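See below for the structure under consideration.
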Amino acid sequence: MAEPTRVLIVEDEPAIVELVSYSLREAGWEVASVGDTASAWTAIGQRRPDLLLLDWMLPDQSGLRFLGRIRADRDFKDIPVIMLTAKSMEEDKIAGLETGADDYVTKPFSPRELLARARALLRRKSPHVADAPLSAGPVVLEPGSCTVTVEGKPIEIGNAEYKLLKFLLAHRERVFSRGQLLDKVWGDHAVIEERTVDVHVGRLRKALGPADGLIKTIRSVGYMLSEKQT
């Protein structure tokens, strides 16, 4: 079974953390929270989140400054970020967006609205962790039920191969090196070597059966998913 969407909340107001955490967990997401940027940086390094909810006013450093640090880091710069803030002035919103925030929610806010914005952001920036079905040719992957069908028939697929397929389906026609796949599919924390990617690709092709040709090997580079005939 695939892992749920991982969200890190960086917020020092317990009531807000509790409210947001409850709403996101009800949606089936995995939620962690910290109250300052130092703890947030440690948490991101230990386990990269799929989404960051970042408060503007934090005890050790402003969320805006922390966001700048994330966007300047090669490993973390593409993490989707929604800023949570009591600041509603237009210039504050512009400052947040120009620093690299993907969206901006002003307190007080509705947890339902936040969840809707989070889902929309993930569909836009990280479709491999969104809830919408993904497909290519005869293959359909349903994130909600964590199932894959080929020509309408469900197939047996391991967790690692499921995650790999989900990522490749979300980024069709793009070539990824083994190192990129390790980072983006399993994360830096995963105990897995580059050559193991080849093993998972082989298992994925076997699971896909008649649709195995969707997974292309790009010599000396890596792999891609493509419906084009080569």
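What follows draws every value from the coordinates through simple rules; no lab data is involved. Note that the structure is a prediction, hence the values are computed from the model and not measured. Glycine also receives a Cβ, built like all others from the backbone with ideal geometry; neighbour counts cover every protein chain displayed.
Structural remarks
- Spin-label model, Asp183 to Asp75: label points 7 Å out along the Cα-to-beta-carbon direction sit 1.0 nm apart.
- Selected from Thr196, Thr106, Thr85 as most flexible by GNM, with the chain as the system and alpha-carbon contacts under 10 Å: Thr196
- Computed E for Ala86/His171 - FRET, C-beta separation, R0 45 angstrom, nearest 0.05: 0.75
- The simple Förster model, with R0 at 30 Å and r as the Cβ-Cβ distance, assigns Glu13 and Arg65 a FRET efficiency of 0.95.
- Debye, to nearest 20: dipole size of the stretch 136-230, +1 on Lys, Arg Cβ, -1 on Asp, Glu Cβ: 220 debye
- Mean Cβ count within 10 Å, highest first, over the residues of peptides 30-36, 211-217: 30-36, 211-217
- In percent, rounded to a whole number, the relative contact order of the stretch 134-225 is 31, using alpha-carbon pairs under 8 Å and six or more apart.
- Residue-span extension gain [Thr42 to Arg195] - 0.36 nm each, minus C-alpha spacing: 52.2 nm
- Candidates Gly68, Gly152, Gly144: whichever shows maximal mean-square fluctuation once the chain is modelled as a Gaussian network with Cα springs under 10 Å: Gly152
- Cα-based shape type of the stretch 6-127, given that a ≥ b ≥ c are square roots of the gyration tensor eigenvalues and the cut on a/c is 1.5: rounded
- Look at the alpha carbon pairs under 8 Å that are at least 6 residues apart: their mean separation over the length of the stretch 15-142 gives a relative contact order of 19 percent.
- Comparing Arg219, Arg119, Arg174 in a Gaussian network model of the chain (Cα springs below 10 Å), the most mobile by mean-square fluctuation is Arg219.
- Relative contact order of the chain, taken over Cα pairs closer than 8 Å and 6 or more residues apart, is 14 percent.
- Semi-axis lengths (Å, descending) of the ellipsoid that matches the C-alpha gyration tensor of the chain: 35, 18, 15
- Set against the 2.2 N^0.38 Å expectation for a compact globular protein, the stretch 143-227 has a Cα radius of gyration ratio of 1.03.
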